Amino acid sequence: MIPNQWYIILESREIRKNQVRGFIRFGEKLVAWRDGNGKLSVFADKCPHRGIQLSLGKIKDQHLQCPFHGFEYDETGKCCLIPANGKASPVPGHIRAKAYPVAEAHGFVYVWYGDAHQAPDPSIKPLPWFDNLDSKMVCSTFTAPWKAHYSRVIENQLDVVHVPFIHRTTIGRGIGPVVNGPFTVTTENSISFWPLNEHDHGQVPLKPGQITETPSKGTFISFIFPNLWQNHIMDSMRIVVAFVPVDDENTLMYLRTYQKMVTTPVLRNIYFFFSGIFNRIVLRQDQRVVETHQPIATQLKMDENLITGDHPVILYRKRRQELIDNAGM
């Protein structure tokens, strides 16, 4: 995990008002809950009194109530009531549930993983997202659980070498195996690249540094650290994926199709139904091989022999390691 980052962990619609839900993220048991006003909180799923799972509790008076002894916690994790001591008794300040900084945007729930005191204000420093999504686009989401570390799942979506082979019957049909570049553009927290594969005619492929201008090709890939990816298929259609770390061996993908070609409610539902079937087929082609990765998690240096076409993967590994080192945790 890269510490001190905003990670997408859920869709907002998955937690309704007055609902409590337990789940696993980052290898930890968490609980998300919304009070009657819609305020969302995310805690460690453990009551600080006796260690009971708070996800078995309920919302009471805008607080999360532990199911075992009725302790009540506000959205900051502060214990507001110990029923056995009576309402008139003060609550010791050290009794607190572990609360994660949380924010909501673009229909997603973001959690700050790391030092809570370093969490930036989302109103000042925007949450990770793509600024090139047209507000006229409509979208549909489905989830896909993979038995693989989230770093390996991300790398799969940065890999242009595999497309003609794994996806030869779908998105790789007609694509050549020779990899030019890819041409890449990087910022402090993002990587974008243009796949430039072609058929083998005996030519020597261009290296990344030999492509000096942004290709005119409209299809390109963008990744924003720590776990957000976009396939810019065309101006009217995009695929966005959030790679949610469940634990060291499991990842949950939230895949959204954005488009503005078919917006009439009934027709767009038909469109999303069939595009969803196709996207699931593509993902399953990847899944059967990605789940075999050894070692399970990626590292900057390990027993692999990378090639020039792996340039986006190499950039990801280098920047990931830099972010881990700079976090100082």
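The values are calculated or read from the model by the stated rules, or taken from the named source; none is laboratory data. Everything quoted here is computed from the prediction, not taken from an experiment. Backbone-built Cβ (ideal geometry, glycine too); neighbour counts: all protein chains shown.
Is it true that Met234 is of a type outside the set (Asp, Glu) and out of contact with any Phe, Trp or Tyr (no Cβ under 9 Å at 6 or more places or on another chain)?
Yes, satisfied.
Of all the residues in the stretch 59-103, those that are closer than 28 Å to Tyr7 by Cα and surrounded by 14 or more Cβ atoms within 10 Å (Cβ to Cβ) number 22.
Across the stretch 164-190, the qualifying residues are those that are of a type in the set (A, V, I, L, M, F, W, C) and surrounded by 22 or more Cβ atoms within 10 Å (Cβ to Cβ), and the one among them that is farthest from the chain's Cα centre (by Cα) is Val179. Screening the stretch 77-115 for residues that are of a type in the set (Ser, Thr, Tyr) and touching a residue at least 24 places away in the same chain (Cβ under 8 Å) and picking the one that is nearest to Arg50 (Cα to Cα) gives Tyr100.
To keep it simple, each residue is scored yes or no on (1) over 30 Å from Leu267 (Cβ atoms); (2) touching a residue at least 60 places away in the same chain (Cβ under 8 Å).
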site	(1), (2)
His117	yes, no
Asp121	yes, no
Asp131	no, no
Ser135	no, no
Thr143	no, yes
Gln157	no, yes
Phe183	yes, no
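Kindly indicate whether Ser123 is surrounded by 13 or more Cβ atoms within 10 Å (Cβ to Cβ) and either touching a Lys or Arg at 6+ places or on another chain (Cβ under 7 Å) or of a type in the set (Ser, Thr, Tyr) (or both). Criteria not met by Ser123.
The rows are residues; the columns are (1) modelled with pLDDT of 95 or more; (2) in contact with a Leu (Cβ under 8 Å, 6 or more places away or on another chain).
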site	(1), (2)
Thr214	no, no
Thr219	no, no
His232	yes, no
Asp235	no, no
Val241	yes, yes
Thr263	no, no
Gly276	yes, no
Leu283	yes, yes
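Here is the figure for the stretch 178-228: residues that are within 23 Å of Leu255 (Cβ to Cβ), in a loop (DSSP other than H, G, I, E, B) and among the small types (Gly, Ala, Ser) total 1.
A count restricted to the stretch 77-113 and to residues that are outside any strand (DSSP E or B), modelled with pLDDT of 95 or more and in contact with a strand residue (DSSP E or B) (Cβ under 7 Å, 6 or more places away or on another chain) stands at 6. Looking at Ile9, Ile24, Ile2, just one residue is within 21 Å of Phe108 (Cβ to Cβ), under 16 Å from the mean Cα position of the chain (by Cα), not in a strand (DSSP E or B) and not polar (S, T, N, Q), and that residue is Ile2.
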